Number of protein chains: 4
Amino acid sequence: MAQKMRAAIFIEPGRIILGEKPVPDVGPLDALIRITTTTICGTDVHILKGEYPVASGLTIGHEPVGVIEKLGSAVTGYVEGQRVIAGAITPSGWSNASLDGCHAQCGAGTRHGWKAMGGWRFGNTIDGAQAEYLLVPDAMANLAPIPDGLTDEQVLMCPDILSTGFSGAESGKIRIGDTVAVFAQGPIGLCATAGARLMGASEIIAVESLPARAAISRKMGADHVVDFTKEDPVSAILRITGGRGVDVAIEALGTQATFEAALRVLRPGGTLSSLGVYSTDLTIPLDAFSAGLGDNKIVTTLCPGGKERMRRLMATVESGRVDTGALVTHHFGLDDIETAYDLFAHQRDGVLKVAIRP
Amino acid sequence: MAQKMRAAIFIEPGRIILGEKPVPDVGPLDALIRITTTTICGTDVHILKGEYPVASGLTIGHEPVGVIEKLGSAVTGYVEGQRVIAGAITPSGWSNASLDGCHAQCGAGTRHGWKAMGGWRFGNTIDGAQAEYLLVPDAMANLAPIPDGLTDEQVLMCPDILSTGFSGAESGKIRIGDTVAVFAQGPIGLCATAGARLMGASEIIAVESLPARAAISRKMGADHVVDFTKEDPVSAILRITGGRGVDVAIEALGTQATFEAALRVLRPGGTLSSLGVYSTDLTIPLDAFSAGLGDNKIVTTLCPGGKERMRRLMATVESGRVDTGALVTHHFGLDDIETAYDLFAHQRDGVLKVAIRP
Amino acid sequence: MAQKMRAAIFIEPGRIILGEKPVPDVGPLDALIRITTTTICGTDVHILKGEYPVASGLTIGHEPVGVIEKLGSAVTGYVEGQRVIAGAITPSGWSNASLDGCHAQCGAGTRHGWKAMGGWRFGNTIDGAQAEYLLVPDAMANLAPIPDGLTDEQVLMCPDILSTGFSGAESGKIRIGDTVAVFAQGPIGLCATAGARLMGASEIIAVESLPARAAISRKMGADHVVDFTKEDPVSAILRITGGRGVDVAIEALGTQATFEAALRVLRPGGTLSSLGVYSTDLTIPLDAFSAGLGDNKIVTTLCPGGKERMRRLMATVESGRVDTGALVTHHFGLDDIETAYDLFAHQRDGVLKVAIRP
Amino acid sequence: MAQKMRAAIFIEPGRIILGEKPVPDVGPLDALIRITTTTICGTDVHILKGEYPVASGLTIGHEPVGVIEKLGSAVTGYVEGQRVIAGAITPSGWSNASLDGCHAQCGAGTRHGWKAMGGWRFGNTIDGAQAEYLLVPDAMANLAPIPDGLTDEQVLMCPDILSTGFSGAESGKIRIGDTVAVFAQGPIGLCATAGARLMGASEIIAVESLPARAAISRKMGADHVVDFTKEDPVSAILRITGGRGVDVAIEALGTQATFEAALRVLRPGGTLSSLGVYSTDLTIPLDAFSAGLGDNKIVTTLCPGGKERMRRLMATVESGRVDTGALVTHHFGLDDIETAYDLFAHQRDGVLKVAIRP
């Protein structure tokens, strides 16, 4: 009889409960990892609220830190007991999309090999990480050993937040000497700020109203933090840049207001790098777009995954280039995950990210 | 007393007339060219209709082919009498934008060196090419000698149509083996089709309803031409691509309908390369954008200019890689330019482009 | 008892024989394909001559066209009997190198996930394609279905020659309007010429002395063919380009003489894209390199592989963008492969490529 | 009668003297700047030693900080008395090379518009900056106003050292998480280290034997400094990287030994970014190059110039992203420049860079 495990299960909109499930069977390409630390993402809250639909009964969560419990029969190169992470996005490596470098749109199992958001499987199309055990598909493409000396908490942001935040800077192709605006300084926006700093931006303007987040933002690399409740961020950014605008604007919230403001602060030829998960149609105002003649770019990025990405991110943590310690504000056991969801969903008590330890 | 010349002058919305103006004085960095052939652009029709505002009294036109009449005192490297073209966009070369490779957003004379659409001067912010003489600013950056053996008409599309059309393919970063859709097969769309073919697209799907344009489209490189009056182009393109969608969709009309359709036919991770001049706000439907998680890009391009760009384009004409002969459907003298505008603005008689010879 | 099959086996330098081997067992990630057509590569001749060392007893060949005979237990998405090709390079998809897009340097099974030339396995580190059956590792990343309507011979060049040749143009980042030189018009050079044409080069200068190859070169896209036995190719290319030099020079032979000539014909800032397999140290003459201050690039590329690459290449064949028919000059049965090697190694009878049919 | 000024003049190999010359006349596109601070470059020592030939009588130096004394008649956008720098490389902006973004190979005045190293004019083909006054050609493309609050010495490294050093990292296309080696920590190598750090390298290994330079190297961003007199740098770097090698190796000395070592420490697919000025032919050992099949790149870069580049570099200084203060180890008046050359050429007294104030 299958062993049982605890897991955070989506039942219906408004209801994620701690329930019990069988520990999964391990297929030839899979690995089973025992979760030692995980966390809750803003996307999980979208799921909780019913804004992003998933199947009832699904285990939620896509940010695993753990230990290899069991390896599939065709998996080589790892040993049981090894500490690993896997990205929120788990590309197959072998789909057409993945082979073309477009891992997040991995269409493993589809006719053409491309699927929108197909790389996002944990807590979306297969059971996720908020559980005692997690089955990692295409394990050889996804399990990244944790360097000795790094704690779970030091690498906890790598699977999603750090990868996504950095990708905002990377997709914006920030260059040494660029001026960059980052809209919203939640966990992803803060990592985008860190990414902009890491890539050589010489002036970073963050937009955030919460003083605690503004303080962390400065630590992550922001030179200015504009409080949008006190002044119009578009005006403020144009003032700070002497009317020129920014080379790259990173949107890290997912609203029409921030999307539009990000467009309006671009210099001609500038790039809007969008990270937000939107829930409405977007409008591009004609005047903010030079009628299509401004040589502007709008680029979107879904969290890059795969073990090589994870290795690189952990290397930046290991070398001290980025410190995400300040992002983990609260700790919970898995048994208290419903409380954790409640806190996180309502953004109480200055929460940025929670660490959940089964 | 200044010599006089004939010119097509914008008076007020609805009214471009053939009038008389002084032949311009030549400043140290300028060149005066005697126009031998020019043409009318769709943008000029926007100006005529008052949809794009320019100053009353301005000479219209931005597609010059001519002969150097007089060189500014600081201009070297050319001789009077030389046959030349200049791009529709005339970057300074020395603005910050231009030095950064963003020639079309050249901010020569501005505080920061960047200006939205600043590289477009002819028939926009300074007198244009539909005249007997044209003053070319920053002549050393903009005058491109015509290779021996090429006729005026062979290079007439280089200043704008060919440069813009090709840039749709270039900004889309088309790769060998890509599938590409091109929305609308007017002059720019046809050149975008030619550009997609030149860059190695292995399957090109054009969208166009006029049979004459569809026929030219096939000659320029389209493998399929979808008649949007007979079937929904999104469905048709998804059918042709077996449900996968296209790697790059080029928008060459400037409407919400084509913009949105271009988004909807993209494969995950695909790029919308937009060439259209829009006249309304644009909507990005949430579902056509994977809520921001599809790794999609929207890139816009204003016609690349400058003499090196013109040299390259004329090289493709000279080597027979592209033949824009079929695009010039009608011929007029400058004296008949009002008739030409009437024909062109109403798209009568199968007109694609007109050649105007002063 | 294992079924037997015929195979071209490397015994020792100077000796590749037709021998017998067991049909391989199929592991969980593998596929066994029955070869219907294959060919001999210049690299195989290096192996034959002992210039490139492989293990005695190895089956040679890396250009398979065939039919799926048996699928590994973990392989999904294919059916037995399906017509497929696999690239000469078979990346795992899941190594760090592969996940980083560097498929040819795939280090599957190594500690770090990178290995020089690690993606080249067939006929190098595992048994190859000149046999009745071929075991394809990491089958889901490598088996590419052949589009209906394409013959074996039409796709026979895709696994190596076309992929390598095109990559010379791609790694050179050829742009519309570029001038390109291609040194040597053997099978790879001819495909490099085709690739340069496909990417929009407006002037292609091939270097080749054999009249038959020169004729095919013109069909593949060359505008000029310089016979290096009649004039110095560096002088000729500088003359043809009016002293400017070429934007991109592709080296497709693998000698110091062609490498050096390719450097010398570059314009300042130009790129040498090297495809050759060298057998000696190379010298970069100081004066051909502007003492390191010429903004030049030297880029090397090993044949891109993987099923998505193969799909794209077959798409260019299917759409008629490239026709490699003229490259297959001779046909042999597998039983005659020793004769085929003899002909090919001595470049007799105008041979370009041979088709071998088991 | 022309006013006279003091200048450091190359007479013959071994002899640069402080002499007198007329203050230059100002042409329409020029600006005359009064030098307030300048410095000596390693290249000037090559000139002094006769290893790099320039005309007898030429004023040496290409790193100007000064004040606008007089503007050419066609120059707009500046005022006399303004504090400015100009890059070591002064592109025209209007040559074909410059318009194509290849500013350092600017061929202003040549038939084709490309010239190897053509952007380097100061102290090479026209009089340079080690003088009381300097004539800046194509002033509108080259004069970059110094931000208020920055001292001469803070921006003194921008014209050459910082621009060149950073370009080593930029041309290497360093990504977040890369491992980078930098060979030699002279002024350019130190700035390359700073550039690698600015672009997000997570592990930087510098090679240098002088303890003072090693100490500055760590401040500029190196994680490890390998003393090549104590251990073989190739072995050391392979050991530090666990056998994998580096993603990017930057050569900042200009010798066969460092060039070859840089090749040998590359991971498969890695890039050698070369900054050195070589004085001999270079050898690429076959085994260090995977016989041409390692997907390696060798890229060279000449110091990027032009006012936009200078603006960007000064922005990184102004924001505190880089501090070149430690590089200026000695100060001299122009009258003592012969002493300064003697100190600098013999690398006495721990000199890195000298500040020369007329």
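The values are calculated or read from the model by the stated rules, or taken from the named source; none is laboratory data. What you are looking at is a predicted structure, and each value in this text was computed from that prediction instead of being measured. Positions of Cβ are generated from backbone atoms using ideal geometry, with glycine treated the same way; all protein chains shown enter the neighbour counts. Side chains included, ligands, DNA and RNA excluded: accessible areas come from the protein's heavy atoms. Shrake-Rupley method; radii C 1.70, N 1.55, O 1.52, S 1.80 Å.
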Which condition does B:V351 not pass, out of (1) aliphatic (A, V, I, L, M); (2) part of a loop (DSSP other than H, G, I, E, B); (3) within 14 Å of chain C (Cβ to nearest Cβ), if it passes all the others?
(3)
Quickly run through region C:20-49 and pick out the residues that are among the charged types (D, E, K, R) and either farther than 19 Å from D:A291 by Cα or not in a helix (DSSP H, G or I) (or both).
C:E20, C:K21, C:D25, C:D30, C:R34
Return a yes/no flag: does region C:114-129 have any residue that is polar (S, T, N, Q) and more than 29 Å from C:E20 (Cβ to Cβ).
no
Considering only residues that are farther than 13 Å from D:L134 by Cα and touching a helix residue (DSSP H, G or I) at 6+ places or on another chain (Cβ under 8 Å), which ones fall in region D:16-38?
D:I16, D:I17, D:L18, D:L29
Does C:G93 satisfy the criteria of being farther than 26 Å from C:G276 by Cα and touching a Gly at 6+ places or on another chain (Cβ under 6 Å)?
no
Pick from region C:102-134 the residues that are over 20 Å from the mean Cα position of the chain (by Cα) and in contact (Cβ under 8 Å) with a residue 40 or more places away in the chain: which of them is surrounded by the most Cβ atoms within 10 Å (Cβ to Cβ)?
C:Y133
If you go through region B:82-115 one residue at a time, how many are more than 27 Å from B:I35 (Cα to Cα) and assigned to a helix (DSSP H, G or I)?
3
Any idea which residue in region D:41-63 is surrounded by the fewest Cβ atoms within 10 Å (Cβ to Cβ), counting only those that are in contact with a Leu (Cβ under 9 Å, 6 or more places away or on another chain) and more than 19 Å from D:E20 (Cβ to Cβ)?
D:I47
Every pair of residues 6+ apart whose Cβ atoms lie under 7 Å, when the first sits in region B:17-30 and is within 12 Å of chain D (Cβ to nearest Cβ) while the second is of a type in the set (S, T, N, Q) and open to solvent by 40 Å² or more (accessible area, probe 1.4 Å)
B:P28/B:S73; B:P28/D:S73
From the list C:T283, C:T258, exactly one residue is assigned to a helix (DSSP H, G or I), touching an Asp or Glu at 6+ places or on another chain (Cβ under 7 Å), modelled with pLDDT of 95 or more and under 30 Å from D:M117 (Cα atoms). Which is it?
C:T258
For residues that are open to solvent by less than 50 Å² (accessible area, probe 1.4 Å) and not aliphatic (A, V, I, L, M), scanning just region D:8-27, find the one that is nearest to D:G77 (Cα to Cα).
D:G27
Step by step: first the residues of region B:181-201, then only those that are open to solvent by less than 10 Å² (accessible area, probe 1.4 Å) and more than 19 Å from B:T255 (Cα to Cα), then the one that is nearest to the other protein chains (Cβ to nearest Cβ). Which residue is that?
B:G200
In region B:202-218, anything within 12 Å of chain C (Cβ to nearest Cβ) and part of a loop (DSSP other than H, G, I, E, B) is listed as B:S202
Here is a list of conditions, (1) within 14 Å of chain B (Cβ to nearest Cβ); (2) outside any helix (DSSP H, G or I); (3) of a type in the set (A, V, I, L, M), and A:A222 meets all of them except one; can you say which number that is?
(1)
Qualifying positions in region B:259-290 - touching a His at 6+ places or on another chain (Cβ under 9 Å) and either among the aliphatic types (A, V, I, L, M) or more than 8 Å from chain A (Cβ to nearest Cβ) (or both)
B:V277
Select from region C:311-352 the residues that are touching a His at 6+ places or on another chain (Cβ under 8 Å) and without any contact (Cβ under 8 Å) to a residue 40 or more places away in the chain and write down the one among them that is farthest from C:G87 (Cα to Cα).
C:D349
So is C:G101 within 12 Å of another protein chain (Cβ to nearest Cβ), within 13 Å of C:D138 (Cβ to Cβ) and not charged (D, E, K, R) or not?
no
Tell me whether region D:275-283 contains one or more residues that are free of Cβ contacts under 8 Å to residues at least 24 places away in the same chain, of a type in the set (S, T, N, Q) and surrounded by fewer than 24 Cβ atoms within 10 Å (Cβ to Cβ).
no
Verdict on D:R267 being open to solvent by 10 Å² or more (accessible area, probe 1.4 Å), outside the structural domain of D:C41 (by TED's automatic domain parsing) and assigned to a helix (DSSP H, G or I)
no
Only listed residue being in contact with a Lys or Arg (Cβ under 7 Å, 6 or more places away or on another chain) and farther than 25 Å from C:V277 by Cβ, chosen from D:G254, D:G245, D:G221, D:G276
D:G221
Criterion: touching a His at 6+ places or on another chain (Cβ under 7 Å), assigned to a loop (DSSP other than H, G, I, E, B) and among the hydroxyl-bearing types (S, T, Y) - qualifying residue of B:Y78, B:Y52
B:Y52
Suppose we filter region C:234-249 for residues that are in contact with a strand residue (DSSP E or B) (Cβ under 7 Å, 6 or more places away or on another chain) and either open to solvent by 20 Å² or more (accessible area, probe 1.4 Å) or not in a helix (DSSP H, G or I) (or both); how many remain?
8
Expected output for region D:293-310 (first residue away from chain B (no Cβ under 14 Å) and open to solvent by 10 Å² or more (accessible area, probe 1.4 Å), partner of a type in the set (G, A, S) and in a loop (DSSP other than H, G, I, E, B), Cβ below 8 Å, 6+ apart or cross-chain) is D:L293/C:A116; D:L302/C:G294; D:L302/D:G119
Considering only region A:133-181, give the helices (runs of 4 or more DSSP H) lying wholly within it that have at least 2 residues that are at pLDDT 95 or above and under 16 Å from A:P91 (Cα atoms).
A:139-142, A:163-171
So is A:I17 part of a strand (DSSP E or B) and over 18 Å from A:V136 (Cα atoms) or not?
yes
Restricted to region D:112-161, and to residues that are of a type in the set (D, E, K, R) and within 14 Å of chain B (Cβ to nearest Cβ), which residue is nearest to D:P24 (Cα to Cα)?
D:D138
Pick from region D:317-345 the residues that are closer than 18 Å to D:A88 by Cα and open to solvent by less than 10 Å² (accessible area, probe 1.4 Å): which of them is farthest from the other protein chains (Cβ to nearest Cβ)?
D:L327
For residues that are under 15 Å from the mean Cα position of the chain (by Cα) and over 19 Å from B:N96 (Cα atoms), tally how many sit in region D:48-90.
6
Just to check your reading of the model, which residue among D:G305, D:G325 is within 25 Å of D:G172 (Cα to Cα) and among the small types (G, A, S)?
D:G305
